[in-house]
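A quick write-up on the structure given underneath.
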Amino acid sequence: MNKSWKFLVPMLLVLTPVSASAGLFDDLTSITKKIKGDSDGGGSGSSSGSSTSNDADAIATSNSTINFICYVRPSKSIYAKLGKPDTALITKDFGKDEAALTVMLKQPPQEGLPYLTALGQYQQAFDTEEVTELFGNFVKSPNTRDLGIMASTMNYSSFDKKKKIIAADARFAYGLVHLFFRNEGGNRALGDKLIKEAAKKNQYGARFVEGMRWAHGYGRDINLKNAVSWMRPAYELSSKRDGDLAQIIEDEFFQLVLDPNYQNRQLYVDLMQAAEEQRQSLQQQIAQNSKNVSNATLFRAQVYNLTITRAQLLIELAEITNAGVDIEKYKTVLAMLSNQADPSIVTVSELIVITDTFQNTLEAELKNVKNMEATAMPKIQALFSRTENYVGDAYAVGVAYGLTSLMSGTMELLNKDALKLAVEIGVMRTKACGVRQGIIDFSSRTNVELQATNVPVNNNILAPRKKKSR
């Protein structure tokens, strides 16, 4: 797409030269470090690490980070502040009855958007804890109840300031769902309209999305003045927030204002002076980073390896429990597919299909197993710990793919190979959690007692930002 730039009206900036210059310099330095990987990553799970129980709820919630990834426990106090499910509205908006809508939500879309490859990209994009939890629960387990709550909550009519903010959050959330499922029944025009309306109410994530659209020409004619105007409120909030999305918003905003075609770029450059060299390095790093992270082959290898890990866990579980599945047949097929240094997309797809089938068969057969020998207990515990590690790895790959898509603004989703990978990456976390939950359910039905683990999971894939004040 050719960029055509219009003359931009200079914006009014209220800046204190010394403090603003320092802040911008720190921002670019931290961004450069982040992309080079110089900063420390962090974040670990926490659990008791010592309790033993065959109570499914106790085990499922024993590790706070794994619980965050896999377990949905609606907070009654949070939900009490939201609207009641409006089933009539969502069935009308999506043009499906509730049963068909449920089926649609269980299937990942076959085509993403450059700025929306997965709903989980925007879990940190809300201004209220109520909608943050509502949207997070929907992402973990898409369902008509939570979707109906979004629909009713966005239509709050109140003079109460907090309810207005909740309504704007819900409007953004409901708009995202329509865009995400736009080819499966969602209303793209409605999604666009809702997100723009939320942005006009200064909703954090919506301001960012609108800025991205104007910056990259996603359904808009590229206009950097508009992009900066829409995104600036989100950028100002991002400096006060933690998490990967806040970092991405900061990165994107600085790329906008430092773009040579942005008329007011010099205002920012003048404030940075000595940071010009860092800026050039940053631009080179971003360009190279975009090429690397959008490479389908890179994520193909990770999907391939994670699927093999899942297969090995399932085989071991089948062997320990003596479940009535044809392990040898699956092993034979797996051996043929898992010994390739550079597997094709066809190979990866075939591996995924047979592993999904084996997992479904095993889950059904495990229901017939009643009790285990004492010698099997340590093996199941070890398997459970490895499974929680696998859950963390699957989650990390999913988040990394979504975040790098936002950072690069890549259109590689038009590539069929990347599209297939995006679909699988979108459901890897669910499949990983399914293996874990299968073991938990098995323990709750039998004499198996699981010990809580303390597997660390990094919730922020990007390096932490330097704290700053403005």
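Observations
- Within the stretch 379-413, being farther than 15 Å from Gly434 by Cβ, at pLDDT 85 or above and of a type in the set (Ser, Thr, Tyr) holds for one residue alone: Ser385.
- The stretch 152-166 - residue that is surrounded by 24 or more Cβ atoms within 10 Å (Cβ to Cβ) and in a helix (DSSP H, G or I) and, of those, nearest to the chain's Cα centre (by Cα): Ile166
- Residue in the stretch 89-96 that is at pLDDT below 85 and surrounded by fewer than 16 Cβ atoms within 10 Å (Cβ to Cβ) present: no
- Candidates Ile308, Ile345 - the one that is at pLDDT 85 or above and either surrounded by fewer than 16 Cβ atoms within 10 Å (Cβ to Cβ) or out of contact with any strand residue (DSSP E or B) (no Cβ under 6 Å at 6 or more places or on another chain) (or both): Ile308
- Meets criteria (of a type outside the set (D, E, K, R), crowded, with 24+ Cβ neighbours inside 10 Å and closer than 19 Å to Gly426 by Cα) for Phe172: no
- When Thr357, Thr375 are screened for being at pLDDT 85 or above and either loosely packed, with under 13 Cβ neighbours inside 10 Å or touching a strand residue (DSSP E or B) at 6+ places or on another chain (Cβ under 7 Å) (or both), only Thr357 passes.
- Within the stretch 108-137, restricting attention to residues that are of a type in the set (S, T, N, Q) and surrounded by fewer than 19 Cβ atoms within 10 Å (Cβ to Cβ), the residue that is modelled with the highest pLDDT is Thr132.
The values are calculated or read from the model by the stated rules, or taken from the named source; none is laboratory data. Just so it is clear, the model here is predicted, and its values are computed rather than measured. As a convention, Cβ positions derive from the backbone with ideal geometry for all residues, glycine included, and neighbour counts pool all protein chains shown.
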